[in-house]
Every structure is written in C-alpha cells, then in structure tokens.
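**Q** This is the structure, below, for whatever I ask next.
Readers should treat all values here as calculations from the given coordinates under stated rules, not as data from a laboratory. Since the model is a prediction, treat every value here as computed from it, not as a measurement. Note: ideal-geometry Cβ built from the backbone for every residue, glycine included; neighbour counts use all protein chains shown.
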Amino acid sequence: MARKSNTTVEQVEQSDIISSRLEDLLTVHEVARRLRVDDTTVRRWIKNGVLEAITLPHKGKRQAYRIKQSTLEVLINNPVMLVEA
C-alpha cells in the first residue's frame, strides 16, 4: 500500500513540474495582448528572428508557436531590439 502512495506522490510531483513548465510558455495571442500588438506582428517577429519561439507540429493554415515567458521579459526590458528589427 505504501508503494502505491509513493507512486502517486511521484506522479503528482511530475505533473506539477510539467504544469509549471507549460505555464512558462505563452501563445502568440497571449504575447500579442501583453505587448498590445496584433498576432500577425508577433508572428512576423518570430519569422524574422526578433522573437525566439518554439515551433510546434501543426495541421492547418498557421504554424503554431510557443514563446517562453523569460524570452518575453527580455524583449520587454530591451525594446531597442524591436526598433532595430
């Protein structure tokens, strides 16, 4: 019985780790809202290399991306990057 309890605790801890990592990833729309720009602008920045993003597999018209929270914070703290691009 104790073994099942430990496994459950381990699974919960792993689930928490995965959840915290996913919370650090933002969608294109979330980034656009925070920067008060259009989604298309964020996608352009990603394609031009101004904004680093994770490319997800997709089926559809648009490529799916996720942007790390830390990447967005660097961009917000250094807006000169956007002006130069």
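**Q** Among Thr71, Thr40, Thr27, which comes first, second and so on when ranked by fewest other beta-carbon atoms within 10 Å?
**A** Ordered by Cβ neighbours within 10 Å, fewest first: Thr40, Thr27, Thr71.
**Q** Which cross-chain or sequence-distant (5 or more) residues have an amide H under 5 Å from the amide H of Tyr65, H modelled 1.01 Å from N in plane?
**A** Val28, Leu56
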